[in-house]
Amino acid sequence: MSPKIPVYLLKTKSSAGDHYEEKFSIPDGNGSEYEPEFVPVLEHQFDDQGMAKVRGILKNKQIGRTEGKQYGGMIFTSQRAVEAFTKLVEEGRGEDNWPYLQDIPVYSVGPATTRALKAVPQVPALQVFGEHTGNGETLAPYILDHYREWYKDRESVPPLLFLVGDKRRDIIPKVLTGAGWQLDEVVIYGTGEMKSFRDDFSQRLQTTADRPRRWVVVFSPSGCDSMLSALNLLDESSGKAKPKESKRSTYIATIGPTTRDHLIHNFGYEPEVSAEQPSPEGVWDVITGYRTLE
């Protein structure tokens, strides 16, 4: 039997059962088996100022469908933002009807963020939309249509609250504000590379150095330089990737176009594959289908 193919997932394992682990723990139907392993890259810290601002908005009941509310809907494009929001919601548990958000649309960029939002402790549950979109480019026009319809009885739609991290793309704000809408972004968490990531990843790579094939799945532009360095793919003098060797055992997949383009534009490295949808199924499809391209 061929050895299992290591799949290094450069992310923190989700606490409530990680779907990437589940997906890569089954054979692919073509005789290959995989060995998923998580290597955390990022550490996140709640932003005190942003948390205080959103806490005040919730306490003062400024999000709702009725006229006069400060916001009529919310947008989330990361699980970390949902975690920060959930912390604020849990602080107010015990209050009647907390947190008063059952009548507004909450927009989510994909399945992982949607699952996190549906787990927010509110009864009745939040009304979450946009899971099928998969990225900001698709979510933004979806919001334009859906939110307009949600508030079709008004002359203009109420402002939207967008909870974000300190590193994010601006496609959603550009599209919505370009339509003349008010969108308020609140930075609710910060992100940085873990100091231990490079050494930790290097040590794990040593344990599979003899495998004929292994995959590295990159989920964020953060840590790409350390990832390439640990794989001995980075020319430290130029800061660019070394030319690919024709015979190699390590292949790189990205969660989507943002991380792929970051690798290409900043390091001159083109990953072997990039998921069409930022999901376990999307990553699984491009990795298991890569053989047909060889």
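The values are calculated or read from the model by the stated rules, or taken from the named source; none is laboratory data. This is a predicted model, so every value here is computed, not measured. Note: ideal-geometry Cβ built from the backbone for every residue, glycine included; neighbour counts use all protein chains shown. SASA here: full protein model, heavy atoms, side chains in, ligands and nucleic acids out. Shrake-Rupley method; radii C 1.70, N 1.55, O 1.52, S 1.80 Å.
Since only ALA241, VAL186, TYR151 are under comparison, the one whose Cα sits farthest along the positive direction of the charge dipole of the range 149-294, derived from C-beta charges on Lys, Arg, Asp and Glu, is ALA241. When you filter the trypsin sites (Lys or Arg not before Pro) in the range 152-237 for DSSP loop state and at most 15 other Cβ atoms inside 10 Å of their Cβ, you are left with LYS152, ARG154, LYS167, ARG169, LYS195. Taking GluC sites (Glu not before Pro) across the range 41-136, the ones in a DSSP loop with at most 10 further Cβ atoms lying within 10 angstrom of their Cβ are GLU67. Among the listed pairs LYS195/LYS242; LYS11/LYS195; LYS87/LYS118, those with a Cα-Cα distance over 19 Å are LYS195/LYS242. What is the calculated FRET efficiency for GLU185 to GLU21, with r their C-beta to C-beta distance and R₀ = 25 Å, to the nearest 0.05? Once rounded, the FRET efficiency stands at 0.20. Around the amide H of LYS240, modelled in the peptide plane, lie the amide H atoms of ASP235, all under 5 Å away and 5 or more residues distant in sequence or on another chain. Rounded to the nearest whole Hz, the Karplus-based 3J(HN,Hα) values (6.51 cos²θ - 1.76 cosθ + 1.60, θ = phi - 60°) of the range 105-116 follow the sequence x, 10, 9, 10, 8, x, x, 5, 5, 5, 4, 5, with x at glycine and proline. From the square roots a ≥ b ≥ c of the eigenvalues of the alpha-carbon gyration tensor of the range 59-200, which class results: rounded (a/c under 1.5), prolate (a/b over b/c), or oblate? Cα axes put the range 59-200 in the oblate bin.
Ordering HIS19, ALA119, PRO212 by Cα displacement along the dipole of the chain toward the positive end leaves PRO212 in first place; charges were set at the Cβ atoms of Lys, Arg (+1) and Asp, Glu (-1). Rounded to the nearest 0.05, the FRET efficiency derived from the C-beta distance between SER196 and GLU90 at R0 = 22 Å is 0.15. Counting protein heavy atoms only, the range 147-294 has 46 percent of its accessible area on carbon and sulfur, 1.4 angstrom probe. Peptides 227-233, 254-260 ordered by packing proxy, namely the average of other Cβ atoms within 10 Å per residue, highest first: 254-260, 227-233. Coupling constants for the range 84-92 follow from the phi torsions by the Karplus curve (6.51 cos²θ - 1.76 cosθ + 1.60, θ = phi - 60°), and in residue order they are 5, 4, 4, 4, 5, 4, 5, 4, x Hz; glycine and proline get x. The relative contact order of the range 125-283 comes to 16 percent, based on Cα pairs under 8 Å that sit 6 or more residues apart. Measuring from centroid to centroid over Cα atoms, what is the spacing of the range 126-185 and the range 32-61 in Å? After rounding, the separation between the Cα centres reads 20 Å. Note on LYS152 and GLU33: with the Förster distance fixed at 41 Å, the Cβ-Cβ geometry gives a FRET efficiency of about 0.20. The phi torsions of the range 216-230, fed into the Karplus equation with coefficients 6.51, -1.76 and 1.60 and a -60° offset, translate into couplings of 10, 9, 9, 10, 7, x, 5, x, 5, 5, 5, 5, 5, 5, 5 Hz, rounded to whole numbers, with Gly and Pro shown as x.
Fully extending the segment from THR66 to LYS244, taken as 0.36 nm per residue of separation minus the present Cα-Cα distance, adds 58.3 nm.
Here the contact order of the chain, divided by its residue count and restricted to Cα pairs under 8 Å and six or more residues apart, works out to 18 percent. For the range 144-243, chymotrypsin sites (Phe, Trp or Tyr not before Pro) are listed when DSSP marks them as loop and at most 11 other Cβ atoms sit within 10 Å of their Cβ; the list is empty.
Dipole magnitude for the chain: computed about the Cα centre from +1 point charges on Lys and Arg Cβ and -1 point charges on Asp and Glu Cβ, it is near 140 debye. Think of it as helices only: each DSSP H run of n ≥ 4 in the chain is worth -39500 (n - 2.57), and spread over all residues that comes to -9500 deg cm²/dmol at 222 nm.
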